[in-house]
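Accompanying notes for the structure given below.
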Amino acid sequence: MQNEIQQLWELIENAQRILLINHIRMDGDAWGSLGWLALVLKSLGKEVVWINDCPVPPFLQFLWHSDIIQPELDVEAYNPDVIISLDAADEDRLWNIYKKHKTFFQSKTLVVIDHHISNPAFWNLNIIDTKASSVCEMMIQIIVELWLESHVSPEIATFFYTGLQTDTNMYFTNNTRKETLLAWAKLIELGADFRLPIEKCFKSRSLIEIELWKIALANLKQNEAQTLSYSNISVDDLRSITWINKEDIGWYLKWFINDVLINIEGTKIAFLLYPLGASENKVSMRSQSGYDVNAICQNFWWGGHLQASGFQSMDSQKEIIQKLLKITSNNLD
């Protein structure tokens, strides 16, 4: 990865205007890696703009500068010298902004920084480490190799730390490795507030979150062998929660699948299904070691990691569940 990091530095050095983009419905790693890179680039005197179709999710707004995302930016008028994608497994994850400006994007120097096993290396310079726990972990290696530690304030270190913690579920998942813990130590050294992400991302629970968990628990099902646990939340289920935006549901359900579904005794594979709008549905999947949910999601043209993956579909929830039950039964036999 050293050659790619050096190429990245040369691009940054020669650029004045830089555009950063991360995946739709960003999580802690997507926002943490984008936030830190934006602040470091600004400290280097670069003009930086950040775009995403969605705002920073509520559970991550404790981090500073949550208002910097510009979904209405005229990308072509801004005319960046370099465009950098963070934590996006493929072009589809960049969603409508990319689709709208695809021809323009492809006329520019494009950089991908990612850690998903399903990433096809879709741009000009691809910095991909599928063994890394997170893009934030990769970024710390980049920081060290480029001698940029002096540009990492405690604020920036906390951005890093949030992505590191959330993508490893507090260092519990099997993508946690020696390099992950060394990155953790480096961030503490650089002044990261390691208590703040724990408080905001893992310990705090909103009333909306609790209401959604109640529905998901009421709809919980298992296969006969109790090796598959799954649940769904339908549009009808949400009629009683009139104050929630359907686009926000995934943010509130992230920890339900991580902390509840996949941890039910005997469960090897778990999935959670919920609406993104009136007709589109989202599936999040998790698995225990030895079971590949990325391969399952590839059947739906999406993916992610071996033990944490997902996809979106315009099929009905009934159709999706039937397909998943058939596919997962083959994986559990």
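Values in this text are rule-based calculations from the coordinates and carry no lab data. What you see is a predicted model; the values in this text were computed from it and never measured. So basically every Cβ, Gly included, is an ideal-geometry build from the backbone, and we count neighbours across all protein chains shown.
A compact table of results
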item: Cβ-placed point charges (K, R +1; D, E -1), dipole of the chain about Cα centre in debye, nearest 20; result: 660 debye
item: FRET efficiency for Glu76 and Ser279, using Cβ-Cβ distance with R0 set to 22 Å, rounded to 0.05; result: 0.10
item: Members of Lys268/Lys326; Lys100/Lys254; Lys99/Lys323; Lys42/Lys203 lying beyond 22 Å, as alpha-carbon distances in this model show; result: Lys100/Lys254; Lys99/Lys323; Lys42/Lys203
item: Separation of the Leu182 and His151 label points, Cα + 7 Å toward Cβ, nm; result: 2.2 nm
item: Sequence-distant residues sharing a close amide H with His101 (under 5 Å, placed H); result: none
item: Fluctuation leader among Ile12, Ile262, Ile156 - the chain, Gaussian network, Cα springs under 10 angstrom; result: Ile12
item: Residue with peak Gaussian network fluctuation, the chain [Cα springs, cutoff 10 Å], from Tyr252, Tyr78, Tyr161; result: Tyr78
item: MRE, 222 nm, helices only [DSSP H, n ≥ 4, -39500 (n - 2.57), over the chain, to nearest 500]; result: -11000 deg cm²/dmol
item: Under 16 Å from Lys102, Cα to Cα: aspartates and glutamates that are on another chain or at least 8 residues apart; result: Asp53, Glu72, Asp74, Glu76, Asp81, Asp90, Glu91, Asp92
item: Added length on full extension, which subtracts the Cα-Cα distance from 0.36 nm per residue, Leu196 to Glu247; result: 15.8 nm
item: Alpha-carbon centroids, the stretch 41-73 and the stretch 126-204: separation in whole Å; result: 18 Å
item: Charge-dipole axis of the chain as Lys and Arg at +1 and Asp and Glu at -1 on Cβ define it, positive-most pick from Ile198, Leu253, Ser229; result: Ser229
item: Note, ³J(HN,Hα) from phi for the stretch 230-239, Karplus 6.51, -1.76, 1.60, rounded to Hz, x at Gly and Pro; result: 8, 8, 9, 10, 9, 4, 4, 4, 8, 4
item: Whichever lysines have a C-alpha closer than 25 Å to that of Lys178, once near sequence neighbours (fewer than 8 apart) are set aside; result: Lys131, Lys186
item: HN-Hα J in Hz across the stretch 188-197 - Karplus 6.51, -1.76, 1.60, θ = phi - 60°, x for Gly and Pro; result: 4, 4, 8, x, 4, 7, 6, 7, 4, x
item: Per-residue Cβ neighbour rank within 10 angstrom, fewest leading, Thr109, Thr180; result: Thr109, Thr180
item: Dipole moment magnitude, nearest 20 debye, the stretch 266-333 about Cα centre, only Lys, Arg, Asp, Glu C-beta charged; result: 120 debye
item: Other-chain or far-sequence residues with amide H under 5 Å of Ser118's (modelled H); result: Gly304
item: Footprinting exposure proxy for Glu137, Glu10, Glu91, Glu265 (fewest neighbouring C-beta atoms within 10 Å first); result: Glu265, Glu10, Glu91, Glu137
item: Residue-by-residue Karplus 3J(HN,Hα) for the stretch 112-129, coefficients 6.51, -1.76, 1.60, Hz, glycine and proline x; result: 10, 10, 7, 9, 6, 5, 8, 5, x, 6, 9, 10, 5, 10, 10, 9, 10, 10
item: Per DSSP, loop trypsin sites (Lys or Arg not before Pro) in the stretch 61-140 with at most 14 further Cβ within 10 Å; result: Lys131
item: Cut-off 13 Å between beta-carbons: net charge of the residues surrounding Arg25, Lys and Arg +1, Asp and Glu -1; result: -4
item: Chain lengthening between Lys323 and Leu220 when straightened (0.36 nm per residue, less Cα-Cα); result: 35.3 nm
item: Residue of Asn299, Asn175, Asn263 that the Gaussian network model of the chain assigns the largest fluctuation, springs spanning Cα pairs under 10 Å; result: Asn299
